[in-house]
Structure formats: structure tokens, C-alpha cells
1. Being without any contact (Cβ under 8 Å) to a residue 40 or more places away in the chain, open to solvent by 30 Å² or more (accessible area, probe 1.4 Å) and among the hydroxyl-bearing types (Ser, Thr, Tyr), is that true of even one residue in the stretch A:163-183?
2. Assess whether A:GLY358 counts as being open to solvent by less than 20 Å² (accessible area, probe 1.4 Å), small (Gly, Ala, Ser) and more than 11 Å from every other protein chain (Cβ to nearest Cβ).
3. In the stretch A:579-597, how many are out of contact with any Asp or Glu (no Cβ under 8 Å at 6 or more places or on another chain) and open to solvent by 30 Å² or more (accessible area, probe 1.4 Å)?
4. Would you confirm whether or not the stretch B:227-238 contains a residue that is of a type outside the set (D, E, K, R), in contact (Cβ under 8 Å) with a residue 12 or more places away in the chain and surrounded by fewer than 17 Cβ atoms within 10 Å (Cβ to Cβ)?
5. Does B:VAL259 satisfy the condition of being β-branched (Val, Ile, Thr) and either open to solvent by less than 20 Å² (accessible area, probe 1.4 Å) or closer than 29 Å to B:TRP156 by Cβ (or both)?
6. Scan the stretch A:544-597 residue by residue and report those that are basic (Lys, Arg) and in a loop (DSSP other than H, G, I, E, B).
7. What are the residues in the stretch B:134-158 that are open to solvent by 30 Å² or more (accessible area, probe 1.4 Å) and over 13 Å from B:THR196 (Cβ atoms), if any?
8. Out of the stretch A:465-479, which residues are open to solvent by 40 Å² or more (accessible area, probe 1.4 Å) and either within 14 Å of chain B (Cβ to nearest Cβ) or within 29 Å of A:PRO394 (Cβ to Cβ) (or both)?
Amino acid sequence: MRLYAGVVRFFAVVVLIHVAMLLVVGALARASRGYQATPNTLRLATSAVQVRSLDPAQMSDSASTSICDQIYEGLVSYDQTTMEVVPSLAESWDVSPDGTVYTFRLRSGVRFIDDPCFPDGKAREFTAEDVRYSFTRVCDPIAMSLGSWLVEERVEGAAEYVERRQQLLEEHPDFWKLDTADLESDRVPGFEAVDDRTFRIRLVEPFAPFLKVLAMAYFRVAAPEAIRAYGAIGNPPGSDTFFRHPVGTGPFMLARWEPDVEIVLVGNPGYWERGADGQPLPHIDGVHMVSRRDPHTAFMEFEGGRSDLTGVPDQDWDRVMNPDKTLKPPFAGRYGLQTTPRLQVSYHGFDMQNPPFGTNKKLRQALNLAVDRDTIIREVFRGVGRPAFGPIPPGLAGHDPDERRWEYDPERAKELLAEAGYPNGEGLDEQVMYVSGTGEVPDREAVALMDQMAKIGVRIRLKMQPWPLHLESIDRHEARLFTLGWIADYPDAENFLALFHSRNFSPDGPNSTFYANPEFDALYDRAMVELDTAKREDLYRQAAAVIIDDCPWLFTTNSETIQLDQPWIEDFPVNPLGLFFYKNLRINRDRTVPEHP
Amino acid sequence: MSGYLSYIVRRLALTIPILWGVFTVTFILFFIVPGDPARLLMGQHRDAAMEAAMARQWGLDQPKPVQYSRFLRKVALLDFGQSFTTKRDVRVSILQRLPATALLGIPALTLGAFLGIGAGLWSAMRANRAVDNSIRFVTFALVSIPFFLLAIFLQWVLGQKLQLLPIAGYINGPWGWLHLCLPMFVLTLGNFAWLTRLTRTAILEVLTQDYIRTAKAKGLPELVVVVRHALRNAMVPLVTNLSVAVAGSLSGAFFVEAVFGWPGVGLLAVDAINNRDFPTIMGTVMFGAILFVLADLVGDLLTAYVDPRVTLK
């Protein structure tokens, strides 16, 4: 029958098409041979957003920084637990008595990794000139640097340099076609390569936390040859560019980067540093990071033993964690657990230049007394986090652990509210709290806060907006009460106190409340030029005390990081800045009991 | 044949205003929704010099009509520029993602169509009997369950508990194709469900026609009646829907791609929207629009082929 022949033919075609497709898949699978990790390779399944750039000057997001920090090194680095500044590419340094001249003696014998950008593909030793080149790029808008705010006003001649570069931008609409050699002739006088092994920075005025700034990811030393060979901006489509082709001195090298699929780092065989036991670093062969966009999927990879470190996603929280932040039975003892305070603060800011909050200190104080932080942490953040009673998070010099003046006290809050002129909230209109985002947790936090304010008679309603709009509402003084947070850029109280200096008004600075107080500014300014650590800490405490009394914020919480480790992971303390450095990490397959049970 | 040819030319000419419309709407939407992409990148450390440089490089410092005509000119040549966030060429990014999406979407669609049309036929032939009721129940359930739930459930059972299949990731290594199983299964089930329901409805409608009764009265076997007479007439809605589904499969399945960490076009589009990455948004939207317009054209041509009553005028 013709019909049945037709049906058979149809079947045959369908089967053939699928066999052909399977063959294509097979061929593709063979072609992308895949990275076969050795047992001594750290395996990560991460839900972090995509890595954008591996150009140190463009390090603004944590996913990119977490890769860049393995490939590049700066003059100085942070101790992984204490966050103190420790030597890295600089062996030692002097600071002039007036605190404005930093002279670094550079380590000798440190080489870049081998790369075709060098003559014969052979790496050379890094020199002070490389440091000057790399640091100058941090000031350069033409390099699309995101870090120039850190040095622009501080390093001698940097502001003028930025201005000249901007001028160039004005004159050349297609600046990305400018000749690189021409661009390099311009210099920042404050960055000086004295000789091959000596590098000097001159500041306009003393800035006490400067070394901590230099340990940030922007101030990494890259090989100028790589930037010239691969190009750093606006290259023709498809060409290999520098941000995809890092050449540094770090413990690892980039072996493979497929966006949204995987990143492979392998150990740098010529790496200079040795571990505490005299063994060459890094201890592991490499890092294999695969992208798992869904956090729950990433967690399942960890449970299946295919990933070595993880956080705990919301969906899995109740299954894995007890309310007291310990692991539930099947997980306890099987995995290591580290809970570390983050250098972070969540707050609700008041517009300090407008009524009703900005003009009424008693009102702001009353509201601070009405915040039941423990309940918010328990109910909203599932017990993760600590109550914040001031602007400086714990873990930084200047934080006062005994300061609990705004501890929850609804009775006292009502009294102060009456003194502020609003007995039981009468006379105070319903206020709008601006909240950023689409995420679930911040909203629940705002709702909890709204309820707590209602208890003393202050009515609040929420207005939720996407992040860029949220910031714009604050800058326009439209938001009188708004949710924000701050994560430390570098581990110093100054980074948090800067949020209150009248010089730093948003949007050009981080002072989103537009707080201006000459007393505070004077304390801050004195701290910046005070080179004696103990005296500076005392000034930090005094400055923080002014803020705590003035309450430009509703102080709410400091967050914590929860990390689970596979039992074979050793020597990987969680870093309060949220940075990752894998060079000291060890994989010990014999270990059955986790290091941090 | 010349009728066909002039029809194709006319239809292709018609796609130009459609694509222009899509472009214009996307452009307007992007600039109506406030929020500066440079600000998003820099957050609370705004730097005026940097912002100016970025705006300059992306042309955002120009008046809107200038930006519009500049972008339109580039897009006409299928050049969407560089991504704001990853600074890769958008065309390259889309083309790099396309194999992953196609590898997943096309087999899932053909397999789903094959099974779905078969099940739909069977269901229609046994209308309102046990077979039909169970098929309807199952497909109704499949249409109602959110895809990602099904995906997570399968990950848990087949990947985590039974350790049979990798739970996520793109093909690599000798057993890499195993990574394809779960996402493909989920997508195939989805296609199977809606195609079964569509086929069943279409066939049932045809089965009430007089000519079917005549064919049955002639004594033709049931299968012959259904396949040769009913299915052919039911092909019209199927072909239209399937051709659009092909375009859909190629422009990415976001949920499945996200859950299974599959680096496809859908994921690229959603990232772009989150980052206000205008060139990539434009690139993925225009890519999808072109696919849909072409698929629609192919669908119309096929309809004319299977149904001689439809003429190409």
C-alpha cells in the first residue's frame, strides 16, 4: 500500500535526521575536548554573573575580580585573615615622615608568564616601569578605567592627567583609534620609576589608608607588551584583546575562557612565591570554574562532590541549615562550614538636606530606637548577619563593640518621637521609603521595618524601583528615606566614613544622604593625615560617634558570609572583603574530617 | 514557479518595514526606561570622566535622533556594535551562542513534533475514550507545569539521586553529549504537549466533515482516512505553528538554559536586559525578529503547498 510506504519513509527520514544531529553533537563534543581536571584541581560551580573583563583597570564586579586576583599581583596584598597589608611584588617600602612619599623596593627575579607578546615568546623580569605603566592606566578614562576615583585627587598630577585625557576624548570622537605610542608619552608625575627596582608615589597630601588602596584589584601590574600587542580598547570585532588575554606575574595563568561555560586557570610554573612550608606556590594544579547560572544547580554540583566550595542558596537553606547557623544532620560533619562577618553595612539613609528627617535629629534618633534589628535578622535574614549600631562594621579599627545606644527600645522611641514634635506619629505624613530592586530579601526587610515603624505610629509606604532609578531618585532629593548598603572597597574605616564627608556628595561621591557636618569633616580630615595608627583609630571612633549621635542613617545590619567546603579543602579561610586567593589553598584527598567542622 | 518567486520577493520586501518597526520599538523602549547604563556599571563610585568616555564610545552623548539614525544604519548591515558589558562584538556573541541553542532546540522540536503529531492523531481517532482521556490528561498536566519545576525535579531524580546523568553544563569531553539529555528531554516534553493538543483539535475538526464520512463510507481503512484525508487538511494550523516554533527554538529557551547552565541565545538576551546592555538587547531582539519573519514566510509557502486553496497573491 502506498500509504504504508509513505509512513515508513516518513519514519526513516525522521530517524535519519536525528541520527545526523547526534553525529553533529558527537563531533562537537570531541572537538571541544573538554578540560579534564586533575585530582589536584580546585573545581568550582558558580552562579556568579559572567566574568566581564580581565583588564585590571576595569575590575568593578566580583566575578571578574575573583579571576583577576589569581592572574595578577600588585605591589602589596592583604593578609587573608587579618586584612593587614603584606608585601607582594614590593619587598618593602618607606613612607616619608610627612606621609606623602611612598618608596617601594621591588622584588627581583619575578617574571611575567611566557606569552607571544614578548620577543621570542619568552617572558622578562618585571620592572618599576611596568608598575608606572599599569598604575597610569588606572587614572586613564581612555583605558575605560573604573578605578580613577581612588587616585585622581590624591596622586600628584593625576587630576591634571585625567583632565588632559578628557581633553583628548573631546577632540577625538573615535579615541579608540588613537596611536598607542602617542598615548603613552603622557605621564602622571606622581608615579615615578626611579630605577628598575624602585618605584615612588608622591601624594598631594597624606592619605593614611593609601597602602590598603594599593592592594585593590585595580593596582595590578600587567605587561605593557600585552596591552600593546592585543590592544585594550575598541578593537575590531573578533580580534584578540588585552582584557581577554591577561599577562601577569600571578600564581595562575588563564588557560581557557568560554563565556558562560567555563574558565580554566593553571598554575604558573615560574611563580616566585613559596608557601610557609617552603613548597612552591600554588599548591594546586589549577582552578576549573564552570558556570551554573541557577544557584540551586550550583549547590547540587557541590552535593554531588563535583564542586569544592559553595554558599547556601535560598531554596536550599531550610534543608541544609539549622536556625542557629549550624549544619543539619546529614550535612554536619560531612562538609566544613565557615561563617565570617563581611565588611559591609546595610542602612536606610535620610535625605539630610530636607524635611522631615533631615531637619529633625530627634525624629531620626526615635526611628533608630524603633528598629528591632534582632528580629529582622532572625525573620528576614534567617539568622545570618549582625545588628549594626553605627557606620563602621565589626572587623575594622574604629568599630566600637560596646556601642549599643540605638538598641531596640520602643518606649524610649515614643518619648523621643513626642519630643521631636510628633507624639504617637501625629502630624507626620505617611513617608515613602525608596527600595531598590526586584530581589526578595531586601523587600522583606523593608516590610519588616515598615511594621516596626508603624508600632510607634510612624506610617511608611514602600516604593520599589530598579537600581539605576533608585540611585537617581536619591540624587534628585526625591527620596527622603531610602535603602542602601556599602561593601568595603578596601579594609579601612575611612572607606565607610567617607560616606559622610561633605566633599563626597552623590552622585560624584558616595555620600548619598548629603550629610554635611563641619565637626565630622574636621575629624575625618585629621584622621587622614594622622600616621600614628592608634591616634588615627581614636579619631575614627570619635568621627563614628558624631555619626551615631546625628543618625543620618537608620543603622540596620552587617552581613556575614556562609561558606561550605568539601572535606578535602585546606587552608582557605573566608575573606571578610569577599575576595578569593587560591594560591595557598590545598587539596588533601586523605582528609575525611573537614578543617572547619 | 514565477508566482512563487515574485511572492517571495514581495514578502521579503514586506519584512523590511516589520524589522524597522521592531527596531524602532526596541530603541524607544530602551530610552524610555530611564537608568543610565554607565551609571549601572559604576554604581556608587561615579566618575564623570569615565562616564563621558563610555558615553562617547557608545555614542550615547549624541542627540537621540542622531543615535537612532546611526544605530539604524549599522543594524541595517547587521552590525550591532560591541556589548556595553562584555565589550565583545554582539554579532559574534550571538553566532557563538547559536549552535548551543540550535543543538538543543531543533532536535527537541522535531522529536516533539514527531511524537506530538502521532499522539494527537491517536487521541483524535479514539476521541473521548480511555486513550484519548489519558493523553489529554498528561498533555494538559505538561502544559500547566512550569518548565523549570520539571527541570529541577528531573535534575534531582536522574542527576542527584540516581546519578545517571550530569545535572547541568554544556557538552564537553568524550561523554559530553550526555549533558544534552536532560534539557532536551524537558524541551521535547514541552513541544510534545502543545503539539499533541493542537493536532488533536485540528483533526477532530476535520473528522466531522462530510468528505471524511464519504471516505469512510467508501470502506477505506481508518488509518488511511485519518492520515491521507484528515491529517492533510489539519496540516494548515500545524505548519503555521511549527514554522514559528522553529524560530522560537532558535532564539533560545531562557528557563531551560538557565536551569541547565546551557550557554544559549536566551541566556544572552536576559543578561543583556539585566545589564541594560543596549547593543546586545538590540542584537538578540533583531535576531529573533528576523527568524520569526523568515519562519512566517516559510510557513506561508508551506501552507500554500499543502493547501492548494490558499493562493499566493
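The values are calculated or read from the model by the stated rules, or taken from the named source; none is laboratory data. On a predicted model such as this, the values are computed, not experimentally measured, just so you know. Cβ coordinates were reconstructed from backbone atoms using ideal geometry, including for glycine residues, and neighbour counts include every protein chain displayed. In case anyone asks, the SASA skips ligands and DNA or RNA and just uses the protein heavy atoms, side chains included. Shrake-Rupley method; radii C 1.70, N 1.55, O 1.52, S 1.80 Å.
1. no
2. Considered against the rule, which asks whether it is open to solvent by less than 20 Å² (accessible area, probe 1.4 Å), small (Gly, Ala, Ser) and more than 11 Å from every other protein chain (Cβ to nearest Cβ), A:GLY358 comes out as yes.
3. 5
4. yes
5. In short, yes.
6. A:LYS583, A:ARG589, A:ARG591
7. Result: B:SER144, B:ILE145, B:PRO146, B:PHE147, B:PHE148, B:LEU149, B:LEU150, B:ILE152, B:PHE153, B:TRP156, B:VAL157, B:LEU158.
8. Matches in the stretch A:465-479: A:PRO466, A:TRP467, A:GLU472, A:ARG476, A:GLU478.
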